[in-house]
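The values are calculated or read from the model by the stated rules, or taken from the named source; none is laboratory data. Note that the coordinates shown come from a computational prediction; the quantities given were computed from them, not determined experimentally. We work out accessible area using only protein heavy atoms, side chains counted, and drop any ligands, DNA or RNA first. Shrake-Rupley method; radii C 1.70, N 1.55, O 1.52, S 1.80 Å.
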Amino acid sequence: MAPTTSTADTGQVTLREVGPGDADACAQILFDAFGHIHDHHRFLRDFPALEAAAGLLGMWIPHPQIWGVVAEIDGRVVGSNFLDERDPIRGVGPITVDPAGQNAGVGRKLMSAVLDRGKDARGIRLVQDGFHMRSLSLYTSLGFDVTAACILMEGSPLGEPIAGVEVRPLGEDDLEECEALCVKVHGFERTGALRDSIGPFVPYAAVRDGRIVAYASSLTFWPMAYGVAESEEDMRALLLGAAAALGQPMALLVPLQSGLFRWCRDQGLRGVKPMNVMALGEYREPEGSWFPSVLY
C-alpha cells in the first residue's frame, strides 16, 4: 500500500506495509500492548514473555498469505495489524498499538487499512477480548457484530478416551476430508490455516467408523487453534483422546452458549477470560460443534 498520513496531536500518523525489518519493534509492541491491557484488567497475559510475541510475528510477517500494516508517528513504529488471507473468510489480527501512542486514532487507522484490503472478501472475522470495551466500541463502529460469546478454557479433562473413536495426529493426507467437514459445519473452508499448523503444532483428528468427524489445528497454543466437529459428542471425543495423547494441559476457546462449555467446566477445565467472535459480511451459524482461534 502507498503510505498514508493524517495529523494527530502527537504528530503525523503514517501507514505502510509491514516488512521484515519491523519484526522486533512489532513484537515489542505486541508484548507491551497485550500485557498492559491484561495487567490493567487483572487477567493472565496472552504473551507472558517477549519471545512468545516474537515467535508469533516471526511466522506472520514473512507469510505470503498474511498481509500486514504498520503505523508510524514521526518515523517510529507505534502499532501494527494483520489480515489472514489464507482462506475465503479473512481473519484480523493481532492488532496492537503502543500504550505510549494511544489516543491518536492509530487503532482505527490500522483497522480501516485491513478492512480496505479485505473489502472484496466474503467476510472478515476477529476475536475480541470481552473485557476490553474500547476495542469492542471500535469494532462495532466499523460494522462488526458479535456472533458468539466465548470463554478461554484451560486444563486437562477428567474423563477417559471414548471407545470406538480413534484420535490421532492429523497429516497432509487428511486435509481434503477436513476441508469437507469444515464446509459442512461452517459453509467455508479453513484449509490454509490447518495446513500451516502441521509442523509448528500437532493437529488432531477424531475418526469414527472410518471417517473424520472432528479435528483441531492445535490444542495447546490457543491463539492459533480452531476446531470443527459434526457434533458436540464428536468434539468431546476429540478432546478426551487428544488430552490422553498430549499429556499436558489444553487451551481452547469455547462458545459460552453451548453444551461444550458446560462439559468443559464439568471436566475440570477452568475459565480464564471472556472473548467475543465478531463478524463483518457473510456469517452462517455453525451446524455442528466448533471453537474459534484468535483469528477465527
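Checking the a/c ratio against 1.5 first, then a/b against b/c, what shape does the Cα gyration tensor give for segment 89-136? Please list the in-between numbers first.
Working: a/c = 2.73, a/b = 1.51, b/c = 1.81.
Oblate is the answer for segment 89-136, as a/c is 1.5 or above yet b/c matches or exceeds a/b.
Accessible surface computed residue by residue for segment 71-167, with neighbouring protein chains in place and a 1.4 Å probe, gives 41 Å² per residue. Beta bridges assigned by DSSP with both partners in segment 154-246 are antiparallel in approximately 95 percent of cases. Reducing segment 19-67 and segment 215-232 to their Cα centroids gives an inter-centroid distance of 22 Å. Rounded is the label for segment 200-291, because the ratio a/c of its alpha-carbon gyration tensor axes (a ≥ b ≥ c) stays below 1.5.
Put Asp120, Asp145 in order of accessible area, highest first, and with a 1.4 Å probe you get Asp120, Asp145.
Within the listed set Gly159, Gly192, Gly75, the residue fluctuating most in the Gaussian network model of the chain (springs between alpha-carbon atoms under 10 angstrom) is Gly75.
Rg(Cα) of the chain divided by 2.2 N^0.38 Å?
On the way: Rg = 19.0 Å, N = 296, 2.2 N^0.38 = 19.1 Å.
Scaled against compact globular proteins, the figure is 1.00.
Only helices enter this figure: runs of n ≥ 4 DSSP H residues, each worth -39500 (n - 2.57), summed and divided by the residues of the chain, yield -9500 deg cm²/dmol at 222 nm to the nearest 500.
Karplus-derived 3J(HN,Hα) values for segment 48-58, using 6.51 cos²θ - 1.76 cosθ + 1.60 with θ = phi - 60°, are x, 9, 4, 4, 5, 5, 5, x, 5, 6, x Hz; glycine and proline are entered as x. Gap in Å between the Cα centre of segment 117-196 and the Cα centre of segment 235-296? Here the answer is 9 Å between Cα centres. Partner lysines whose Cα lies under 25 Å from the Cα of Lys109, excluding those fewer than 8 positions away in the same chain, are identified as Lys119. Temperature 4 °C, viscosity 1.567 mPa s: under these conditions the Stokes-Einstein estimate for segment 1-131, based on its Kirkwood radius over C-alpha pairs, is 87 µm² per second. Need one word for segment 57-109: rounded, prolate or oblate. Basis is the Cα gyration tensor (sqrt eigenvalues a ≥ b ≥ c); a/c below 1.5 gives rounded, then a/b vs b/c decides. Prolate, because a/c is 1.5 or more and a/b exceeds b/c. With the whole protein complex present, Lys119 retains an accessible surface near 130 Å², based on a 1.4 Å probe. When the solvent-accessible area of segment 84-221 is split by element, carbon and sulfur atoms take up 48 percent of it, the probe being 1.4 Å.
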